[in-house]
Amino acid sequence: MKTRFIWLTALAALLAGCASGPVYRPAAKPGGFGYRDTMLTSQHYRVSFAGDDGTARETVENFALFRAADLALSHGDDHFRVVSQQTSPITENTDYGPTASVGYGWGYPFWGTGIGYSTGSVSRTRYESVLQIQIGPDVPDQGPDIYDARQIKQNLSPEVAAMQR
């Protein structure tokens, strides 16, 4: 029993060490996971959020909106307008090269042999959502594509908090 506990503790520590950290964070580099924003004019910004291959498309889109709300509030604005929005899949292929193997095995009452071949490639898809937003005094309180930044933060905060691994 004591040995099992030690193995489970070691496994838990190993898995915790593999965690990638919080999902909602600034991107460490261009094309990296997380959010980025770029000032285009004094009232227009490009806001993007790129997820890793385990982040759902809807989550990526919500996190981009959450970042837009953060940005608007940090500039003292309660509302922002989404001028354009695009979410794109990014598919990455990793090729490990072809491999072949031959094996055999036995165990009472069975035995067998086998031959295997693998192309060794892995395909992963992740998503990036890019918003162009407008903030400032020219943004009305209501209208098409107008968002209340405080309401966005309130409604999406539980999802953001749940994704902070």
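A few remarks follow.
- Radius 12 Å from Cβ of Q132, net charge of other residues (Lys, Arg +1; Asp, Glu -1): 0
- For the listed peptides 29-35, 55-61, a ranking on the average number of other beta carbons within 10 Å per residue, highest first, reads 55-61, 29-35.
- Net +/- balance of residues flanking A56 in space, Cβ distance below 14 Å, scoring K and R +1, D and E -1: -3
- Ordering of 37-45, 138-146 by packing is 37-45, 138-146, highest average first (other Cβ atoms within 10 Å, averaged per residue).
Any read-out appearing in this document is the output of simple, stated calculations on the displayed coordinates, not a laboratory observation. Keep in mind that this is a model prediction, so the values were computed, not measured. Heads up, the Cβs are rebuilt from the backbone with ideal geometry, glycines too, and the neighbour counts pull from every protein chain shown.
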